[in-house]
Amino acid sequence: MSNSKEKLFTEFTAPTTQEWLDKIQVDLKGADFNKRLVWRTNEGFNVQPFYRREDVLKLKTPDSLPGEFPFVRGNNKKDNTWYIRQDIMVDDAVEANKKALDILNKGIDSLGFHIPASKLSAEFVEKLLDGILCDVVEVNFHTCQRHSVELAQILVAYFDKKGYDKEKVVGSINFDPMEKMVMKGKDVTAALAFGPQLVETLKDYPHFRCMNVNTVSLNNAGAYIVQELGYALAWGNEYLQQLVDAGVDVDLAAKSIKFNMGVSENYFMELAKFRAARLLWAQIVKKYEPKCDCSCKMVVNAVTSKYNQTMFDSYVNMLRSQTEAMSAALGGVHSMVVTPFDVTYEEPTDFSERIARNQQLLLKEECHFNKVVDPGAGSYYIEHLTNSLAAEGWKIFLKVEEEGGFLAAVKAGTVQDDINATNVKRHGDAAKRKEFLLGTNQFPNFTEKSEGKRAVACCCGCGQNDEEPAFKKIESTRLAADFEDLRIHTEETKVPTAFMLTIGNLAMRQARAQFSCNFLACAGYKVIDNLGFKTVEEGVDAALKANADIVVICSSDDEYAEYAVPAFKYLDGRAMFVVAGAPACMEDLKAAGIENFIHVKCNVLETLKEYNQKLGI
């Protein structure tokens, strides 16, 4: 029988970090290590190409235990279970109840009801919850902020009438006046006074939270991960301080706060975000000296992002939301909503809602993501990301506190300015394809048409949208919106034909033709690729025969000096002429009258808008 203490691979000498770096430098052949391999994140810190045990020995996060303060490794000790949630917009109580009962039989165990204030009544709620076991299923509610206390009173009366065990009722009321202030610039400061009364109404239900922090709105406005993290902490602390100042017990106040956070496409970074958020929130609450460490737990409902969803090639949205759901699940969230793939252009269908449910069921029932507590623990990379995000998020939190707290920062407009600046930058990066949107600004479906699809306008359902904003507000559109508008405009006006005049070096002409087809198809242009032509005259004639509006010459840099000018002169203005690439002879070609070049450094969006203008589109 072998010795159980035997260590495998002891005959191999473990290389040092310096030995790894020396080997990498040799393979780089003189290239700068920091420029080629070190990733400078949007979150403000560097990520190295590899990490070793020595990198995490100095960190405190791996020493934590699941279910124990500071909860970096999750709120649960035994498993990683989460609630699978689906939200329902309630117009008719009976119909909404019918839908709720149906989806409960299809794997949902958390419901979110958005109730119009005009229909709120005890009778309405009773019809809505008929047959739903609120001590088994998580129930969440949203209504007009000014009617949240009324809703709480109705729910407490209903729960008491049903005789539910108060310990078993899990859910929330989404009371968050500051969301409207930061997103819409509306002055609803007066509604903040309802907070203590709301908490008092629900105090006997320890797992029913009512003070919400909706940073999912910042996520959907384009906020970077560290911005959402930092502002979530400041936002939550504002509510906690207000409740404590109003005389609410610290433990009760902390246990009344719930976070609704977004999840974007950065897989490991989002996973680490939830770990860092729990770590920092626990430390914030601890400063208020609660009686129990359990009050320091951060309860998070994660919602997959709308910001990166697209209207064209919309099935790709399922890939985006699936990786986002994986990040949230592995990050240890309390509950999760997967946004249906078609929400950007229509009311979600039964099919898209079923897919969204099944995306979570797949992670639970087939991938068993709910079985392992904090699967990212001990990963050198994830521990580094957790620590780095915590450090950068804390900087934002402290900055907001120095400004007088989150409410003061919102009234001053600094939060809105920060998010708006990020949104502008991200749209600029998307225009230059520094940030990819598969199917939109990179590898679009050449033949897809909009077929009448149009972006759905956001509506909060609370009215009063004609009021003049009292503060700055967040101005945001989805990342794909600029390209979608351009493509729809092209489709509705005139779809030009772009012809690839491929000639010369086989590898280069094919690569540049593929690049050019993808480039021009982003605006919905019809593209015609070709195997190659023997002469430029043959290529131009074929292009004109195909009724091309644009002729793109695709060859190698060296051969452009030979082919570009003759092709341009032979075309003689009968179509727009474009050179694929930025050859060394570019200035000579410009001197000959060639104006249009497309290459990796182009602003794709602005170039395509310019071409549309030249083509009279």
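The values are calculated or read from the model by the stated rules, or taken from the named source; none is laboratory data. Keep in mind that this is a model prediction, so the values were computed, not measured. Backbone-built Cβ (ideal geometry, glycine too); neighbour counts: all protein chains shown. Remember, those area values only see protein heavy atoms, side chains included, never the ligands or the DNA or RNA. Shrake-Rupley method; radii C 1.70, N 1.55, O 1.52, S 1.80 Å.
Tabulated values for the structure
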{"quantity": "Condition broken by residue 29, with the remaining ones in (1) open to solvent by less than 70 Å² (accessible area, probe 1.4 Å); (2) at positive phi; (3) of a type outside the set (Ser, Thr, Tyr) satisfied", "calculated": "(1)"}
{"quantity": "Odd one out for residue 303, checked against (1) modelled with pLDDT under 95; (2) within 28 Å of residue 208 (Cβ to Cβ)", "calculated": "(1)"}
{"quantity": "Qualifying residue in region 349-358 (condition: open to solvent by less than 20 Å² (accessible area, probe 1.4 Å), farther than 28 Å from residue 173 by Cα and in contact with a strand residue (DSSP E or B) (Cβ under 9 Å, 6 or more places away or on another chain))", "calculated": "no"}
{"quantity": "All positions within region 126-138 that are crowded, with 22+ Cβ neighbours inside 10 Å and under 14 Å from residue 206 (Cα atoms)", "calculated": "138"}
{"quantity": "Residues being open to solvent by less than 70 Å² (accessible area, probe 1.4 Å) and in a helix (DSSP H, G or I) - total across region 156-200", "calculated": "19"}
{"quantity": "Which numbered condition residue 148 misses (of (1) under 26 Å from the mean Cα position of the chain (by Cα); (2) buried (at least 23 other Cβ atoms within 10 Å of the Cβ))", "calculated": "(1)"}
{"quantity": "Test: residue in region 185-196 that is under 30 Å from residue 468 (Cα atoms) and free of Cβ contacts under 8 Å to residues at least 12 places away in the same chain", "calculated": "yes"}
{"quantity": "Residue that is most open to solvent (accessible area, probe 1.4 Å), among those in region 413-458 that are free of Cβ contacts under 8 Å to residues at least 12 places away in the same chain and among the aliphatic types (A, V, I, L, M)", "calculated": "424"}
{"quantity": "Scope region 65-93; condition closer than 27 Å to residue 123 by Cα and among the acidic types (Asp, Glu); matching residues", "calculated": "87, 91, 92"}
{"quantity": "Criterion (in contact with a Phe, Trp or Tyr (Cβ under 7 Å, 6 or more places away or on another chain) and not charged (D, E, K, R)) met by exactly one of 376, 413", "calculated": "413"}
{"quantity": "Selection from region 479-515 of residues that are open to solvent by less than 40 Å² (accessible area, probe 1.4 Å), within 27 Å of the chain's Cα centre (by Cα) and of a type outside the set (Val, Ile, Thr)", "calculated": "479, 480, 481, 483, 484, 486, 487"}
{"quantity": "The listed residue being more than 25 Å from residue 300 (Cα to Cα), acidic (Asp, Glu) and surrounded by 11 or more Cβ atoms within 10 Å (Cβ to Cβ), out of 79, 91, 87, 109", "calculated": "91"}
{"quantity": "Long-range neighbours under 9 Å by Cβ, at least six apart or interchain, first residue more than 15 Å from residue 54 (Cα to Cα) within region 17-28, second assigned to a helix (DSSP H, G or I)", "calculated": "24/33; 24/37; 25/33; 28/36; 28/37"}
{"quantity": "Hits in region 48-76 (condition: β-branched (Val, Ile, Thr), surrounded by fewer than 21 Cβ atoms within 10 Å (Cβ to Cβ) and modelled with pLDDT of 95 or more)", "calculated": "none"}
{"quantity": "Cβ-Cβ under 6 Å pairs, at least 6 apart or on other chains, region 254-270 side closer than 27 Å to residue 211 by Cβ and touching a residue at least 40 places away in the same chain (Cβ under 8 Å), far side assigned to a strand (DSSP E or B) and small (Gly, Ala, Ser)", "calculated": "258/172; 261/302; 263/302"}
{"quantity": "Residues within region 359-405 that are surrounded by 17 or more Cβ atoms within 10 Å (Cβ to Cβ), free of Cβ contacts under 8 Å to residues at least 60 places away in the same chain and within 30 Å of residue 54 (Cβ to Cβ), tallied", "calculated": "1"}
{"quantity": "Breaking point among (1) assigned to a loop (DSSP other than H, G, I, E, B); (2) out of contact with any helix residue (DSSP H, G or I) (no Cβ under 7 Å at 6 or more places or on another chain), for residue 479", "calculated": "(2)"}
{"quantity": "Every pair of residues 6+ apart whose Cβ atoms lie under 8 Å, when the first sits in region 94-122 and is within 21 Å of residue 147 (Cβ to Cβ) while the second is at pLDDT below 95 and surrounded by 15 or more Cβ atoms within 10 Å (Cβ to Cβ)", "calculated": "117/462"}
{"quantity": "Total residues in region 218-249, condition of a type in the set (Gly, Ala, Ser) and closer than 13 Å to residue 426 by Cβ", "calculated": "3"}
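Let's see how each residue does on (1) farther than 20 Å from residue 387 by Cβ; (2) open to solvent by 10 Å² or more (accessible area, probe 1.4 Å); (3) within 16 Å of the chain's Cα centre (by Cα):
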| position | (1), (2), (3) |
| --- | --- |
| 289 | yes, yes, no |
| 299 | yes, yes, no |
| 310 | yes, no, yes |
| 324 | yes, no, yes |
| 331 | no, no, yes |
